[in-house]
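There's a structure below that I have some questions on.
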Amino acid sequence: MRLLLLFLGLLSTLPAQADEWWAWSNVDYYRSPPWTGSVFMGNFADEVDGSYAQMVSPRVKFAAAKWLDLGLGLSMFRLENLATHDHYDQLRTELEINPHYEFKQVRVDWRNRMEWRENQGAASTANRTRHRMQLAWTLPQPLGPLTRLFASDECLMDLHLRRPTENRFIPLGITFKLTDSMDLDLFYMIDSKRTKTTWKSESVLGTYLRVRF
C-alpha cells in the first residue's frame, strides 16, 4: 500500500499541461492460440506546432513459447499540419520479437521491433529499430478499477544514421479495468528527439484503450 501511495503521489506532481496528446487503441478481433489478430489505431496531436497524425495498423501475433511472442504488422501513417494543411503519408512493415517474463505480480516485457518505412516523397526508406523495456506491477488487490502500475523506456535507432534518434520514457502509467474485455491505460511520457546538435524533450499525456472480442 505504501508503494501504491508513492506512485499516486508522483502522478499528482506531473505537469498539468503537456505539449502533446496521444490516444491509442487496440482491438483484438481474432484469438485462436497461439494466434492473435488485432488492429492498432493511434491519434497524435501536438499543440506546439499544430500537427496532427493518425495511424492504422493491422497486426498478427504468434505465441512461439510461453515467454516469447512474434509479430507482424503493416502500419499506415499520415501526418498533417492543421494550419497549412500540408501532409505526408508513410507506409511501414513491422517485425517484432518480444520476450516477456513474470514473477508473481511483476511482469517484464522487452519489445524489439524492426520497421521498414516508406516515406512519401523520399528517395529512400528510413528504416529503424525500436527497443522498449517495460516493468509492470499488478496490484494484489484491485483498488476499485485500478489494477496495475507500469513504467517503460523505449530507444528508437535510425539504421541509416546508425544512432539513436528518439527516446520515449514513461516514468508512470496506470491501468484501469473497465470490463472483463476492456482495459484503459493512462500515462505520462517524456519524448526526446535528437537534433543535429542536441536532444529536445516534450511532455506527452496519453491513453491506451485495449479491447478483446
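If you work out Cα extents along the principal axes in Å from the coordinates, which of (1) 53, 42, 30; (2) 62, 38, 23; (3) 60, 37, 30 do you get?
After the calculation, the listed value that fits is (1).
Another one. Applying a 10 Å radius around every beta-carbon, put 22-32, 165-175 in order of their mean neighbour count, most first.
Final packing ranking: 165-175, 22-32.
Quickly estimate the mean residue ellipticity at 222 nm for the chain, helices only: each DSSP H run with n ≥ 4 gives -39500 (n - 2.57), and the total goes over all residues, rounded to 500.
Dividing the helical sum by the residues of the chain leaves -1500 deg cm²/dmol.
Still on this structure, please answer the following. Before anything else, pin down the relative contact order of region 63-118: Cα pairs under 8 Å, at least 6 apart, normalised by residue count, whole percent.
Worked out over region 63-118, it gives 32 percent.
Also: Determine the share of the chain's accessible area contributed by carbon and sulfur atoms, expressed in whole percent, with a 1.4 angstrom probe.
Looking at the chain in its full context, I get 62 percent from C and S.
I've got another one for you. To the nearest Å, what is the center-to-center distance of region 158-213 and region 84-108, using C-alpha atoms only?
Computed from Cα coordinates, the inter-centre distance equals 10 Å.
Counting alpha carbon pairs within less than 8 Å and at least 6 residues apart, what relative contact order, in whole percent, applies to region 91-164?
Relative CO of region 91-164 lands at 25 percent.
Now for a separate question. Which whole-number value in Å² is the accessible area per residue of the chain, probe 1.4 Å?
Normalised by residue count, the accessible surface of the chain is 59 Å².
The values are calculated or read from the model by the stated rules, or taken from the named source; none is laboratory data. This is a predicted model, so every value here is computed, not measured. With ideal geometry, Cβ positions are generated from the backbone for all residues, glycine too; neighbour counts draw on all protein chains shown. These area figures cover heavy atoms from the full protein model, side chains too; ligands, DNA and RNA do not enter into them. Shrake-Rupley method; radii C 1.70, N 1.55, O 1.52, S 1.80 Å.
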